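Here the structure is laid out as structure tokens; the discussion comes afterwards.
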Amino acid sequence: MDAEGDPPTRSRTERHKCFACYKQFKKKEHLVEHMKISYHTPHQPKCGVCQKHCKSYESLRNHLTGPLSRASCSKTFAAQGCDLCLKLYDSPSSLGKHREICHLCTPASLGTKILPSAGSVDEKYTTKGAKAIAINCGLVGGGTDGSLDLCARVCLVDEDENIIFHTYVQPQSAVTDYRYEITGLTEEHLRNSKSHKEVQDRILEILYNGESARRLMSDSGKARLLVGHDLKRGLDCLRINYPGHLLRDTAKYRPLLKTNLVSHSLKYLTKTYLGYDIQTGEHDPYVDCVSVMRLYKRMRAQDHQVKGIGTPNSDSGFESQKAEELENMTPDELYQISKSDYKCWCLDSNIAAGCNS
């Protein structure tokens, strides 16, 4: 039976230990198969004490503080670890200073005031240095039972938490449920709202950033990254089709998922990784926008000291090796040729640096 063990050490047994997660296998071929499907790389969340790699930050949190946590890791983390970012610090003073920075304050709410007919903020905003834009949509209900999502409000912010665009939107179908308890919206808010087409065109103008549609598939173009939570839901309501390689979705990002690979809510992620509460009453689009941007920037700021191997769909080193060659490799060598199955957001930091240079 395969089991999880301690960090790799010289062992007198014949068991083969994974270099990254420390699982042990009786046969080398089983270790090879494990490495093929585990996608271990330095981009995975990692324990600062024992260096064990985890699939997600929730797995890492369980490893450090859960009921089945490793005793030595749990003890060290309790004394030296930040409960938000899960990093370790060498002294109580440095940990205290870090927590002051890591624990963020709730953004000020926009509320649901009636906007002027133009509806937008800073219509000519260009954000030349911004590569990422966060979006949040306020959705009301349509259809006979009110379950059909209709976009009635949209907010976009840049990386500095400035509002680029904020407006109420005229839904494309009759509203049967304003979902007032969540949106705070009434018929009055939408009376002089912008048409769906106007809003769609303005959002695409901001995202394209002067880039031609045919060059959107290029990573080196001027088009902006779009950050959000459950982006498909909002984009479907706006009827916007944006390239997947330019989307940064906190509901889909592998390190932020539950251990069973199901999405967390934005409310949970904000409380767990940023340290403050949102959506305690009405859902404010600006607060949600800022929170999702902060989550993205926190993930992007991870320094994994590696390049390239956080990009998925690259040829796996395992595919180019014969079975006999793989079984003759050490656990460390198997780890070195392993590739990630998702694109790590830390790789976006090079793009952001280029935009600001």
Query raised in the report: If one takes the longest principal axis of the Cα atoms in the chain, at what angle in degrees, from 0 to 90 and to the nearest 10, does the Cα axis of helix 285-300 lie?
Result: 30
Query raised in the report: What is the set of long-range amide H partners of T176 at a cut-off below 5 Å, with H atoms built 1.01 Å from backbone N?
Result: G141, G142, G143
Requested in this report: Could you tell me which of rounded, prolate or oblate describes the stretch 8-84, using a ≥ b ≥ c as the square roots of the eigenvalues of the alpha-carbon gyration tensor, with rounded for a/c under 1.5 and, failing that, prolate when a/b is larger than b/c and oblate otherwise?
Outcome: prolate
Report summary line: Measuring from its Cα centre, the chain shows a charge dipole (+1 at each Lys and Arg Cβ, -1 at each Asp and Glu Cβ) which, in debye to the nearest 20, is 780
**Report entry** Carbon + sulfur, % of accessible area of the chain - ligands and nucleic acids excluded, 1.4 Å
**Finding:** 50
Report summary line: In order over the stretch 156-168: 3J(HN,Hα) from phi, Karplus 6.51/-1.76/1.60, θ = phi - 60°, whole Hz, x for each Gly or Pro, gives 10, 10, 9, 5, 9, 6, 7, 6, 8, 8, 8, 7, 8
Requested in this report: Consider the candidate values (1) 172; (2) 145; (3) 136; state which one is volume of the Cα convex hull per residue in Å³ computed from the structure displayed.
Outcome: (1)
Report task. Under 1.5 on a/c is rounded, so check that first for the stretch 242-286, then, if it is not, pick prolate when a/b is larger than b/c and oblate when it is not; a ≥ b ≥ c are the square roots of the alpha carbon gyration tensor eigenvalues. Result -> oblate
Query raised in the report: Quick one: Cα centre-to-centre distance for the stretch 18-55 and the stretch 165-184, in angstrom?
Result: 47
Query raised in the report: Picking from T144, T112, T183, which is most flexible by a Gaussian network model of the chain using Cα springs under 10 Å?
Result: T144
**Report entry** Mean separation of Cα contacts under 8 Å (6+ apart) over length of the chain, as relative contact order %
**Finding:** 19
Report summary line: In a Gaussian network model of the chain with springs linking alpha carbons closer than 10 Å, the residue among R239, R294, R61 that fluctuates most is R239
Requested in this report: Could you check which residue among D90, D341, D236 shows the biggest mean-square fluctuation in a GNM of the chain with a 10 Å Cα cutoff?
Outcome: D90
Report summary line: Ranking I337, C151, S193 by how far each Cα lies towards the positive end of the charge dipole of the chain (+1 on Lys and Arg Cβ, -1 on Asp and Glu Cβ), the top one is I337
Report task. Let me have the 222 nm mean residue ellipticity of the chain computed from DSSP H runs of 4+ only, each contributing -39500 (n - 2.57), with the sum over all residues rounded to the nearest 500. Result -> -9000 deg cm²/dmol
Report task. For K23, list long-range residues whose amide hydrogen, built 1.01 Å from N in the peptide plane, is under 5 Å from its own amide hydrogen. Result -> G5, C18
Requested in this report: For the chain, give the share of DSSP beta bridges that are antiparallel, in percent and rounded to the nearest 5; count only bridges with both residues there.
Outcome: 75
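The values are calculated or read from the model by the stated rules, or taken from the named source; none is laboratory data. As the structure is a computational prediction, the values presented were derived from the model and not from experiment. For neighbour counting, all protein chains shown are included, and Cβ atoms are generated from backbone atoms with ideal geometry for every residue, glycine included. Accessible surface areas use protein heavy atoms only, side chains included; no ligands, DNA or RNA. Shrake-Rupley method; radii C 1.70, N 1.55, O 1.52, S 1.80 Å.
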